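Below is one structure, written out as structure tokens, with a few remarks after it.
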Amino acid sequence: MATGPPAVDRDERGQGSSRDGAAFTAIGDILRESLVPPRTSAALYLAAAKIPGIEVVRGVTDAADRQGIAVAHTERSRRDEWIFDRHTYDYLGQRSYLVADTADGPSGTVLSTTAVLQWAVVPKLGERPAP
């Protein structure tokens, strides 16, 4: 009798099922939500490169329809990708999608996608950067 991966309760969705998945998510959160010094970014990328199963995927597109390359991690039926400009390696955004049919949809269903259009530092919380 063949068995597949364990069923995922709805309460577990969005949670990494392993330490590697949690590490990939944590590093991605820092890179997406913070302006970090170049040495810190480099250290985070080096740490991510040590996570088993990390892949480089070429020819991906962010939510703003920009072509790039991605650093990807697949866990259970979901692939998460950090997307970078293919020439400058600037962070463009991320996307997550299903790589297998699940209760959430068929394989290929996009779960989330983002695009960073502008990074800025402002003097006070709530202020908007100048155009």
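Computed quantities for the displayed model
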{"read-out": "Candidates per chymotrypsin sites (Phe, Trp or Tyr not before Pro) in the stretch 35-129, loop by DSSP, up to 13 other Cβ within 10 Å", "value": "89, 119"}
{"read-out": "5 angstrom amide H check on residue 111, placed H, neighbours 5+ away", "value": "96, 97, 98"}
{"read-out": "Estimated inter-spin distance, residue 99 and residue 43, nm [label 7 Å along Cα→Cβ]", "value": "2.9 nm"}
{"read-out": "Residue 78 long-range amide H proximity, modeled H, under 5 Å", "value": "99"}
{"read-out": "5 angstrom amide H check on residue 92, placed H, neighbours 5+ away", "value": "83, 84, 85"}
{"read-out": "C-alpha long axis of helix 19-33 to longest principal axis of the chain, angle in °", "value": "30 degrees"}
{"read-out": "Helix-derived mean residue ellipticity, 222 nm - over the chain, DSSP H n ≥ 4, -39500 (n - 2.57), to 500", "value": "-6500 deg cm²/dmol"}
{"read-out": "Relative compactness, the chain, computed as alpha-carbon Rg over 2.2 N^0.38 Å", "value": "1.17"}
{"read-out": "Efficiency of FRET between residue 87 and residue 23 - r from beta-carbon atoms, R0 35 angstrom, step 0.05", "value": "0.80"}
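Values quoted throughout were computed directly from the atomic coordinates according to the rules given, and no laboratory measurement underlies them. Predicted model only: the values in this text are computed from it and were never measured. Quick reminder, even Gly has a Cβ in these numbers, built from the backbone with ideal geometry, and neighbours come from all protein chains shown.
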